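Comments concern the structure below.
The values are calculated or read from the model by the stated rules, or taken from the named source; none is laboratory data. None of these values were measured; they are calculated from a predicted model. Please note: Cβ atoms are built from the backbone with ideal geometry, for glycine as well, and neighbour counts cover all protein chains shown.
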């Protein structure tokens, strides 16, 4: 994932479940990452203590990086550096993007921009490597009163070189309009971790849906 150019093919941006069991999650994560293309993994453990995040990262970071998958930590650029992550993702209520950029140095920075063009421009000016738009669909992972439309992705892909991530309730069944509108990455949680046949099947289904959308299916 790079801020220099958009992805050639829309790719999967995997987000961890809101709570993980360190004893069992590594096997589930390995199965998911080995099942198909995953560009990036975000560790998103809201309300977890620093120590819980550190323990999770100590397992997740080497497992993902050994497979060529970049790891970002949600909310905490400071812990991202400490735990060896490749970068961090910040929301509008977290550390300001410009401050996060300064702290992270050359590491990746992603910024939540909801459905706002102004926030996306501001994130780009602050040095974000990608902007995240959403929620596009109803999601159980967080309250998302702001709803984004696929046209926002098309507009951004036409005027910007910074990649965009679509997030919010995305599944293999509903992702086609986002792929076709120009999303560089699809951020998913439940579509993989809650897949009835397991996370590996979830990754395969998402990649198949991306390919079908790109083929006009």
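Quick look at the values:
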| quantity | calculated |
| --- | --- |
| Subset of the stretch 115-141 (residues that are more than 21 Å from residue 161 (Cβ to Cβ) and in contact with a strand residue (DSSP E or B) (Cβ under 9 Å, 6 or more places away or on another chain)) | 135, 136, 139, 141 |
| Test result for residue 29, closer than 22 Å to residue 140 by Cβ, in contact with a helix residue (DSSP H, G or I) (Cβ under 9 Å, 6 or more places away or on another chain) and in a strand (DSSP E or B) | no |
| Test for residue 6: is it under 22 Å from residue 175 (Cα atoms), within 17 Å of the chain's Cα centre (by Cα), modelled with pLDDT under 95 and buried (at least 17 other Cβ atoms within 10 Å of the Cβ) | yes |
| Failed criterion for residue 176 (all others in (1) under 23 Å from residue 155 (Cα atoms); (2) touching a residue at least 40 places away in the same chain (Cβ under 8 Å); (3) buried (at least 20 other Cβ atoms within 10 Å of the Cβ) hold) | (3) |
| Hits in the stretch 113-123 (condition: surrounded by fewer than 23 Cβ atoms within 10 Å (Cβ to Cβ) and either assigned to a strand (DSSP E or B) or in contact with a helix residue (DSSP H, G or I) (Cβ under 8 Å, 6 or more places away or on another chain) (or both)) | 114, 115, 117, 122 |
